[in-house]
Amino acid sequence: MSVAGANTSSPLSLSKSGATTCGSLLRELQAIWDEIGETDVERDKMLLQLEQECLDIYRKKVERSRRYKAELHQSFSEYEAEITHLTSALGERVSVPRYDRVKGNIKQQISVISPTLESLRLKKQQRVKEMSDIEFQIARIRSEIAGSDHILDHNDIHVDESDLTTKKLGEMKSNLLELQSERNLRLQKVNGHISAIYELSAVMSLDFKKIVSEIHPSFVDSCSGHSKSISNETLARLTSEMNSLKQEKQQRLLKVKELGQILQDLWTLLDTPVDEQRRFHHVTHFIASNADSVMSPGSLSIDVIEQTEAEVERLNTLKASKMKELIFKRQSELEGIYKGVHMEVDSDKAQQILSSLVESGNIDLSDLLLSMDDQITKAKEQAQSRKDILDKVEKWRHASEEESWLEEYERDENRYSAGRGVHKNLKRAEKARILVSKIPSLVENLTAKVKAWEHDKGMPFLYNKAPLLQMLEEFTISRQEKEEEKRRSREQKKLQDQLAAEQESLFGSRPAFKKPLGHSPFPNSVGTPNSRRVGTPSRPAISTGKDRRDNSKSGGVIPINYVALPKDDRVK
C-alpha cells in the first residue's frame with residue numbers, strides 16, 4: 001500500500017499540521033527503507049501494521065469518548081435524581097429542565113442544573129446542621145431528665161436526611177421548646193427545693209453542702225461544668241429530703257415549745273427575775289409560733305435545745321429545793337383568802353398535814369402544788385360568791401357600831417357642853433340616826449341574801465366560824481329585847497321621877513341617874529367621843545352607905561341609884 005493510499009484510508013482527516021508531519025515522517029521512513037533495502041512486501045506489511053495501530057488508537061479514543069458521554073449522561077441523571085431527592089427531603093419545589101429539552105450539549109445542560117443542585121446541597125447542609133443542633137439539645141435535655149451520666153457528642157446525633165422539611169424542623173423546634181419549658185420548670189423546682197433545704201438547714205444549723213452533695217454532686221460542684229441535675233430521681237430525693245427536714249423542724253419546734261412552756265411554768269413557780277428570763281426569750285418566743293414563721297438561723301439548733309434542756313434541769317433541781325417553801329406559801333395564800341372573807345381555817349392542823357405529806361415523800365410535790373392552786377382558785381371563786389353578802393355585812397357592822405356610839409353619845413349628859421369636837425359629834429349623831437333607821441331593812445335584805453346563798457350552795461354561810469343567819473336572828477331578837485328594855489326603862493324612869501320629886505320635897509336634893517349601855521353584835525365597837533371624860537360603864541354603880549340608910553327608912557321604895565340591866569349580855 002502506498003503512502004498516498006494510507007493517507008486516503010484514514011478514518012479521520014488529519015489537520016494541516018498533522019498531515020505535514022505525517023508526510024515528512026513517511027518520507028523519512030522511505031529513505032530509511034531505501035537505505036536498508038526493504039522490499040515492497042515488507043514495506044506494505046509494515047505500513048498495514050502502522051495503519052492498524054492507528055485504527056486501534058482511534059477506536060480506543062472513541063470508546064473512551066463514548067464512556068465519557070455516558071458518564072456525563074449518568075451524572076446528569078444523578079444530578080436530576082439528587083435534585084428530586086433534595087427537593088423531596090427539603091419539601092421544596094424546584095423547576096429543573098430536562099436535558100433533552102435544553103438546547104446545547106451535555107456539558108451545557110449540566111451547567112444549567114448545577115447551580116440549582118449546589119443551592120439545594122447548601123440548603124440541605126444548613127438544614128441538617130440546624131436539625132442536628134436541635135436534636136443534640138433535645139437529646140441533652142432528655143438525658144438530663146433521665147439522669148444519664150453519659151456525655152453526649154455531636155457525632156452521636158444522626159439526623160434523618162430523608163425528611164428535612166420545614167414541618168419536621170418546626171416539630172423539632174416545638175419539641176425542643178416543650179423540653180426546655182419542662183427543664184425550666186424542673187430547674188425551678190430544684191432551685192426551690194434547694195432554697196427550702198438551705199433555709200431549713202440554716203434554722204437547724206445543719207451542714208447544707210453535705211446534705212445537697214449527698215443528693216447530687218452537681219449542686220455543690222460548680223467547677224465541673226455540669227448543670228444542676230433535674231432528673232426524676234433527683235427531684236424525688238430533693239422532695240424526700242425537704243419533707244424530712246420539715247418534719248425534723250416541726251419536731252424540734254414542738255420540743256422547743258414544750259421546753260419553753262416548762263420554762264415559763266418554772267419561772268412562775270420560782271418567781272424567776274425578768275433579767276434571768278430574758279436569756280431564754282428566744283425559746284419562749286416560739287410558744288405561739290408555727291413552723292412556717294420560724295426562720296431565724298440557728299433558732300432550732302441542737303445547741304439551743306440542749307442549752308434549754310440544761311436550764312430546765314437546773315430549774316427542776318431548784319424547784320425541788322424550793323417546793324416545800326412554795327407549798328407553804330400557797331397554804332398561807334389560801335388562808336389569807338379565807339380570812340379575807342371571814343372563813344376561818346385551822347392553820348396549825350393544815351400546816352401539820354402539809355409537813356407530813358412533804359416529808360413522807362409518798363406524793364409528787366408538783367401534783368400537791370397543782371392541787372393547792374386548784375384550792376386557791378376555788379377559794380377565790382367562793383370568796384367572790386361571798387363578796388356581795390360580806391359587803392352588806394360590813395354595812396350592817398358599821399351601822400351597829402354607829403348605833404352603839406349613838407347610844408353612848410345620847411347617854412352623855414355633857415354632850416352639848418362647849419368643847420373641842422362637839423360640832424363634829426353633832427353631825428355624826430345626825431348621820432348615825434339616819435343610818436340606824438335603815439338597820440331593819442338592811443338586816444332583812446341581808447337575811448334574804450344569806451338564805452338564797454345557802455339554798456344555792458347547799459351549805460350554811462359562816463362568818464368567823466359562826467352561822468351568819470343565826471347571828472342575824474340573834475341580833476334581831478336582841479334589838480327586840482332592847483326595845484322592850486327601853487320601854488321598861490321609860491316606865492321605870494317615870495316612877496323614879498315621882499320618887500325623886502318626893503325625895504326632893506323631903507330632903508331638897510335630886511339623885512343622879514345613868515342610862516344603861518347599848519349592845520352590839522360585833523366586838524371592838526366605837527366608843528363615846530367623850531369617853532375619856534365620861535367613861536363607859538359596863539355594870540351598875542354601887543350604892544353609898546347614906547343611900548342605903550335612906551332606902552331603909554323609906555321601906556319598900558325603889559333605890560334612887562337603881563339601874564335596870566339587860567336580860568342578855570352576850571356579844572354578837
Do we have T165 as of a type in the set (V, I, T), within 30 Å of H73 (Cα to Cα), touching a helix residue (DSSP H, G or I) at 6+ places or on another chain (Cβ under 8 Å) and in contact (Cβ under 8 Å) with a residue 60 or more places away in the chain here?
-> yes
Could you check M372 against (1) open to solvent by 30 Å² or more (accessible area, probe 1.4 Å); (2) assigned to a helix (DSSP H, G or I) and say which number it fails?
-> (1)
Do you know which residues across region 15-37 are among the basic types (K, R) and modelled with pLDDT of 85 or more?
-> R27
Being part of a loop (DSSP other than H, G, I, E, B), touching a residue at least 40 places away in the same chain (Cβ under 8 Å), farther than 30 Å from K387 by Cα and open to solvent by less than 60 Å² (accessible area, probe 1.4 Å), is that true of even one residue in region 323-338?
-> no
For region 122-145, which residues satisfy the criterion of being open to solvent by 30 Å² or more (accessible area, probe 1.4 Å) and of a type in the set (S, T, N, Q)?
-> Q125, Q126, Q137
Residue within region 286-303 that is more than 25 Å from S201 (Cα to Cα), in contact with a helix residue (DSSP H, G or I) (Cβ under 7 Å, 6 or more places away or on another chain) and touching a residue at least 40 places away in the same chain (Cβ under 8 Å) present = no
Kindly list the number of the only condition in (1) out of contact with any helix residue (DSSP H, G or I) (no Cβ under 7 Å at 6 or more places or on another chain); (2) in a helix (DSSP H, G or I); (3) farther than 30 Å from R252 by Cα that fails for M343.
-> (2)
List pairs: first in region 51-79 and farther than 29 Å from A19 by Cβ, second in a helix (DSSP H, G or I) and open to solvent by 100 Å² or more (accessible area, probe 1.4 Å), Cβ under 7 Å, 6+ apart or cross-chain?
-> L72/K107
Does region 190-206 contain at least one residue that is assigned to a loop (DSSP other than H, G, I, E, B), polar (S, T, N, Q) and without any contact (Cβ under 8 Å) to a residue 12 or more places away in the chain?
-> no
Restricting region 446-485 to residues that are among the charged types (D, E, K, R) and loosely packed, with under 12 Cβ neighbours inside 10 Å, the residue that is nearest to the chain's Cα centre (by Cα) = D456
Identify, please: which residue in region 278-295 is surrounded by fewer than 12 Cβ atoms within 10 Å (Cβ to Cβ) and small (G, A, S) and is, among those, farthest from E199 (Cα to Cα)?
-> A288
Every residue from region 302-322 that is open to solvent by less than 60 Å² (accessible area, probe 1.4 Å) and modelled with pLDDT of 90 or more | V304, I305, T308, A310, E311, V312
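Residue-wise test of (1) closer than 23 Å to L300 by Cα; (2) out of contact with any Ser or Thr (no Cβ under 6 Å at 6 or more places or on another chain).
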| residue | (1), (2) |
| --- | --- |
| T166 | no, yes |
| E171 | no, yes |
| N175 | no, yes |
| E178 | no, yes |
| E182 | no, yes |
| R186 | no, yes |
| S205 | yes, no |
| S213 | yes, yes |
| F219 | no, yes |
Among residues of region 230-242, those that are surrounded by 13 or more Cβ atoms within 10 Å (Cβ to Cβ) and closer than 17 Å to K210 by Cβ, counted = 5
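The values are calculated or read from the model by the stated rules, or taken from the named source; none is laboratory data. Every value quoted in this text rests on a predicted model; they were computed, and no experiment measured them. Because the Cβ atoms are built from the backbone with ideal geometry, glycine has one as well, and the counts that use them run over all protein chains shown. Heavy atoms of the whole protein, side chains included, go into the accessibility calculation; ligands, DNA and RNA do not. Shrake-Rupley method; radii C 1.70, N 1.55, O 1.52, S 1.80 Å.
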